[in-house]
Amino acid sequence: MKKFLTALAVVSIIPLLMGMGGILGEDSPDKIPLPDEKFNAVYIDQFNVTTECTNVSIQGKSFIEGKRGEGTYAIPFQNVTSVIFLMRNGTLEGHVTLKDGIEMILVLKGDQKAYGKTRYGTFQIKLGDLKKMVFTERD
């Protein structure tokens, strides 16, 4: 009987321990992916809340990726001045303004996350919740 109760206790605790992985794991807000290159940007969300960040990335990468026609583009942040995010008919468009003044419209994945570090801690937001991303001076 004692072995049965011990086994029952272990089996009961395992789901609780596995659930802690979601709390402390990769989705933890204090752990964001660090990109290979450091860029600074200001994020503006749909409520016009402005967040200044360093070490910005999208999905941990220092480029914005999206579809244009049948092709997929990956534009490095060093070539980008700003991105305006617009939802049209359920499709997220990124109006990317390049440093040479050209604007490209890419179809983006709205569930991808943008990350950064603020002076208060880390920051993350889904691309679909953003209104604008403006790149600022690098440190």
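What follows draws every value from the coordinates through simple rules; no lab data is involved. Small disclaimer: the values here were computed from a predicted structure and weren't measured. A quick note on method: Cβ atoms are made from the backbone with ideal geometry, for glycine too, and the neighbour counts reach across all protein chains shown.
Taking only the C-alpha atoms of the stretch 40-136, Rg followed by Dmax gives 12.4, 41 Å. The ranking of Asp36, Asp45 by Cβ neighbour count inside 10 Å, starting from the fewest, reads Asp36, Asp45. Per-residue extension of 0.36 nm, minus the Cα-Cα distance of Asn79 and Met104, leaves a gain of 7.8 nm for this segment.
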